[in-house]
Amino acid sequence: ACSRSNSNRAAVGHLQRQRYGRLYPMLLVSTDGSTVRMRYGEPKRILMMPLDSNTLPEAERKARLRRQFPSKPKAKEEETFEGIDLDTYKKFWKK
């Protein structure tokens, strides 16, 4: 009984472990709303497929883009100290 490691032995034998390690049950939600239960390598409950924006109507596509990239906040006007009497706050200054 010769136990040489050659190509014939590698083709017959297999490793004594699971092929993909630990897989977790998960719910896959497709873009049309259908769901499929499957096993996934990371512990997640729900995985949603990305939505193809090319198939959406123009109005809905623009609304999604507005939600995803909100407009920049408007610049506020700077406060000036012209109308403030500084003598009322004199007691809070350090000497």
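The values are calculated or read from the model by the stated rules, or taken from the named source; none is laboratory data. This one's a predicted model, so the numbers in the text were calculated from it and none came from an experiment. Every residue, glycine among them, receives a Cβ derived from its backbone with ideal geometry; neighbour counts consider all protein chains shown. Keep in mind that these areas ignore ligands, DNA and RNA; they rest on the heavy atoms of the full protein, side chains included. Shrake-Rupley method; radii C 1.70, N 1.55, O 1.52, S 1.80 Å.
Which length gain, in nm to one decimal place, applies between residue 77 and residue 31 when the Cα-Cα distance is subtracted from 0.36 nm times their residue separation? Write down the numbers at each step before the final one.
Numbers: separation 46, 0.36 × 46 = 16.56 nm, distance 4.47 nm.
Computed gain between residue 77 and residue 31 is 12.1 nm.
What list of ³J(HN,Hα) couplings, whole Hz, do you get for the range 68-79 from phi and the Karplus terms 6.51, -1.76, 1.60, once you set θ to phi - 60° and write x for glycine and proline?
6, 10, x, 5, 6, x, 6, 6, 8, 6, 6, 7
Using the Karplus curve 6.51 cos²θ - 1.76 cosθ + 1.60 with θ = phi - 60°, work out ³J(HN,Hα) for each residue of the range 23-31 in order, rounded to whole Hz, and write x for Gly and Pro.
10, 10, x, 8, 10, 9, 9, 8, 5
Considering only protein heavy atoms, with the full assembly of protein chains and a 1.4 angstrom probe, order 91, 74, 62 by accessible area, largest first. Please report the intermediate quantities before stating the final value.
Numbers: 91 160, 74 185, 62 105 Å².
From most exposed to least exposed: 74, 91, 62.
If you filter the range 52-91 for GluC sites (Glu not before Pro), then keep DSSP loop positions with at most 11 other Cβ within 10 Å, what is left? Numbers along the way, then the final one.
On the way: sites: 58, 60, 77, 78, 79, 82; in loops: 77, 78, 79, 82.
Filter output for the range 52-91: 77, 78, 79, 82.
Could you give each residue of the range 52-59 its phi-based ³J(HN,Hα) in whole Hz, using Karplus coefficients 6.51, -1.76, 1.60 with θ = phi - 60°, and x for Gly or Pro?
Karplus values, whole Hz, x for Gly and Pro: 7, 6, 6, 8, 7, x, 4, 5.
Could you tell me how far the Cα centroid of the range 71-95 sits from the Cα centroid of the range 48-62, in Å?
Result: 47 Å between the Cα centres.
Could you pull out every one of the lysines with an alpha carbon less than 27 Å from that of residue 62, ignoring same-chain neighbours closer than 8 positions?
Cross-link targets: 72, 74.
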